[in-house]
1. Determine the dipole magnitude for segment 1-137: charges of +1 sit on the beta-carbon of Lys and Arg, -1 on that of Asp and Glu, nothing else is charged, the reference point is the Cα centre, and the result goes in debye to the nearest 20.
2. How much net charge surrounds G182 when only the other residues with a Cβ under 14 Å from the Cβ of G182 are counted, with Lys and Arg +1 and Asp and Glu -1?
3. For segment 238-281 and segment 41-88, write down the distance between their C-alpha centroids in whole Å.
4. Between M314 and H48, what is the label-point separation in nm under the 7 Å Cα-to-beta-carbon projection?
5. Calculate for the chain the 222 nm mean residue ellipticity that helices alone would give, adding -39,500 (n - 2.57) per DSSP H run of length 4 or more and normalising by residue count, nearest 500 deg cm²/dmol.
6. Starting from the 7 Å offset along Cα-to-Cβ, what nm value, one decimal, do you get for the label separation of R179 and N154?
7. Given charges of +1 on the Cβ of Lys and Arg and -1 on the Cβ of Asp and Glu, with all other atoms neutral, how large is the dipole of the chain about its Cα centre, in debye to the nearest 20?
8. Which parts of segment 39-63 would a label at A231 reach, counting a residue when its backbone N lies under 18 Å from a point 7 Å out along Cα-to-Cβ?
Amino acid sequence: MEALAFNTTELILLSASGILFIIQAIYYFGLYNRIHAHNKAVKKDNVHFTQELPPISVIICAKNESENLRRNLPAILEQDYPEFEVIVINDGSTDESEELLNVLEEKYSHLYHSFTPESSRYISRKKLALTLGIKASKHDWLVFTEANCHPVSNQWLRLMARNFTSRTEVVLGYSGYERGKGWLHKRVAFDSLFTSLSYLSWALAGKPYIGFGRNMAYRKELFFNTKGFSAHLNLQRGDDDLFINQVAKGNNTRVETDANATVKIQLPEYYRDWKEEKVSYTATAKYYKGGQQTLLKMETITRLLFHLVFVATMVLSILSFHWFVAGVALLVWLLRYTIQAIIINRTATEMGDNRHYYFTLPAFDFLLPLQSLKFRLYRLYRGKGDFMRR
């Protein structure tokens, strides 16, 4: 019976561990599992899709992306869809982009391209490019992706379009990184997956708050009715996440979770490229409206506390040779790890990601929030000037 006798410190640590485990379980079952639940509902025909296939305008902004355009544009141009156009805005490229686009236009009659004026000073270059593309588009439904992305199948547009119901104004899709080798590529891929778990699950819960321009759609009418990017013209970024934060509502937003609707992103060659992208999004995150960010921060805090309490309990119990307490703490940790591993890896598989996170999961689980903190501090160190229009 001595094994069941706990001192005050052990009781506090075990109680804290249990409470933190319950909070984490609520997040995983109540939020992060929603993509899997949605996929099950789709298989059971419990999700309504439209049978109409309205004409679509696909818009891409490209700056010195000739190699990416050569690699990825054909997969977009050769989609199995009855009527669509692809508009590429060449944002002051100095590489072979212009020549490549001219050659591709001769082969694909539904490809068009334009450029941004060199003299533009009063709006971010990307926002201007996208605005020009939207104004040049012929169709009401706009689908957005980026030059370093390619759809995994020729059914991408069809799957996005099945969500274009009469009430829908925004459709969010999944984008994941291509498979690569090395620690950096695994970090990048897991970060992208977990970010997608968060924002797509919030949208499925009826509380959309951001989207990413690699794979999303919205109505042209919505863009002009909300005056486009005018609310954040002072920021270099915000053409996707801040705009969706502004216009997406529970009753006008849908999520496409089919693996064949996934868009793959080319892996960054260098850490600094990925860091710059993350820091840029950190600069816009402070402007997000809604309580989703606060609730996600609570998940991060309880996650870190759970790990710290586990370590403290294990150290204390081993030093005092109280193996029963160590066993209970380990059991609770393993239960959370099992829930986490099942939900994250199952969702990754369903979204067409062939990576699996088992041995690396505990490391990423602890390092991800520390990494986010580092990016926020780096943004503060650089100041606001680097993220404002020039």
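Nothing in this text is a laboratory measurement; each read-out follows from the coordinates by a stated rule. The structure displayed is predicted, hence computed values, not measured ones. Cβ: placed from backbone, ideal geometry, glycine included. Neighbour counts: every protein chain shown.
1. Working: 13 positive and 18 negative charges, 119 e Å.
For this selection, approximately 580 debye.
2. Working: positive: R179, K181, K186, R187, R355; negative: E178, E269.
So the surrounding residues net to +3.
3. 16
4. 5.1
5. Values: 13 runs with 199 residues, N = 390.
Here the helix-only value at 222 nm equals -17000 deg cm²/dmol.
6. The modelled label-to-label distance comes out at 2.4 nm.
7. On the way: 47 positive and 38 negative charges, 234 e Å.
Here the size comes out at about 1120 debye.
8. None, by backbone N distance to the label point.
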